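Here the structure comes first, spelled out in structure tokens, and everything after it is commentary.
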2 protein chains.
Amino acid sequence: MLEKTTRMNYLYDFYQSLLTPKQRSYMSLYYLDDFSLGEIAEEYDVSRQAVYDNIKRTEAMLEEYEEKLLLFHKFQERSKLIAEIKVMLQEGSPSREALEEAVAELEKLD
Amino acid sequence: MLEKTTRMNYLYDFYQSLLTPKQRSYMSLYYLDDFSLGEIAEEYDVSRQAVYDNIKRTEAMLEEYEEKLLLFHKFQERSKLIAEIKVMLQEGSPSREALEEAVAELEKLD
């Protein structure tokens, strides 16, 4: 569950601008503020089932956007490469070749 | 017009997965293969006006996606930084500080 929450937090972060205001409210209360379905239902004066359905649909939409645009996937790939580059730079006398290779990989991700 | 074509080519590249198959066909014939509206209309046996309307709507959608997700904008920013890093690396003995700074900027873009 923690893994799913982390993934949804990231997907929400990347694609929230494509959601409706209501979807954004429910998702951010549920995933960022850790509200329960019942608490959100009370807050919005709707049924718990309605909140559940909305969140499930939104989760599916976020996964669909990720399938199409791969923003989270590319972010992860870029983060790995940037971390590698940072380690190389900290090592004092980094190999220029290794740095150039990592930068070329970074470029390919776009 | 050339500038607009270049921009549309990029936006199409970034967001084509969010378009319908028909939108993709018209856009790629018009922007990538340089077909005229009349030629596309003939190809699909529809009116020139229908093709025009579809392409205009698709262009507006692409701009809306860009407004929300900024993929093209971030790509341009990243490209600038990567180009800077490559120049530094080619200069022989790059300043570690300058490299670290550029990498940090790169990281912030995600």
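Looking only at segment A:32-46, decide whether some residue is over 17 Å from B:LYS68 (Cβ atoms), under 16 Å from the mean Cα position of the chain (by Cα) and touching a residue at least 24 places away in the same chain (Cβ under 8 Å).
no
Taking A:GLN23 and the conditions (1) more than 19 Å from A:LEU71 (Cα to Cα); (2) surrounded by fewer than 16 Cβ atoms within 10 Å (Cβ to Cβ); (3) within 14 Å of chain B (Cβ to nearest Cβ); (4) not β-branched (Val, Ile, Thr), which numbered condition does it fall short on, given that it satisfies the others?
Answer for A:GLN23: the failing condition is (2).
Look through segment A:66-91, keep the residues that are at the interface with another protein chain (Cβ under 8 Å from one of its Cβ atoms) and of a type outside the set (A, V, I, L, M, F, W, C), and return whichever of them is farthest from B:ALA83 (Cα to Cα).
The selected residue is A:LYS68.
Consider segment B:56-65. How many of its residues are touching a helix residue (DSSP H, G or I) at 6+ places or on another chain (Cβ under 6 Å) and either farther than 16 Å from B:SER17 by Cα or within 11 Å of chain A (Cβ to nearest Cβ) (or both)?
Selection size over segment B:56-65: 1.
Quick check on A:VAL51: is it more than 9 Å from every other protein chain (Cβ to nearest Cβ), out of contact with any Asp or Glu (no Cβ under 8 Å at 6 or more places or on another chain), of a type in the set (A, V, I, L, M) and not in a helix (DSSP H, G or I)?
When the stated conditions are applied, A:VAL51 does not pass them.
Which count do you get for residues in segment A:99-110 that are more than 7 Å from chain B (Cβ to nearest Cβ) and not acidic (Asp, Glu)?
Counting residues in segment A:99-110 that are more than 7 Å from chain B (Cβ to nearest Cβ) and not acidic (Asp, Glu) gives 4.
Would you call A:ARG96 among the basic types (Lys, Arg), within 11 Å of another protein chain (Cβ to nearest Cβ) and free of Cβ contacts under 8 Å to residues at least 24 places away in the same chain?
So A:ARG96 passes the test.
Matching residues to (1) in the same structural domain as B:LEU19 (by the TED database); (2) of a type in the set (Gly, Ala, Ser):
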{"position": "B:GLU63", "(1), (2)": "yes, no"}
{"position": "B:PHE75", "(1), (2)": "no, no"}
{"position": "B:LYS80", "(1), (2)": "no, no"}
{"position": "B:ILE85", "(1), (2)": "no, no"}
{"position": "B:MET88", "(1), (2)": "no, no"}
{"position": "B:SER95", "(1), (2)": "no, yes"}
{"position": "B:LEU99", "(1), (2)": "no, no"}
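The values are calculated or read from the model by the stated rules, or taken from the named source; none is laboratory data. Just so you know, these numbers come straight off a predicted model, no measurement behind them. Positions of Cβ are generated from backbone atoms using ideal geometry, with glycine treated the same way; all protein chains shown enter the neighbour counts.
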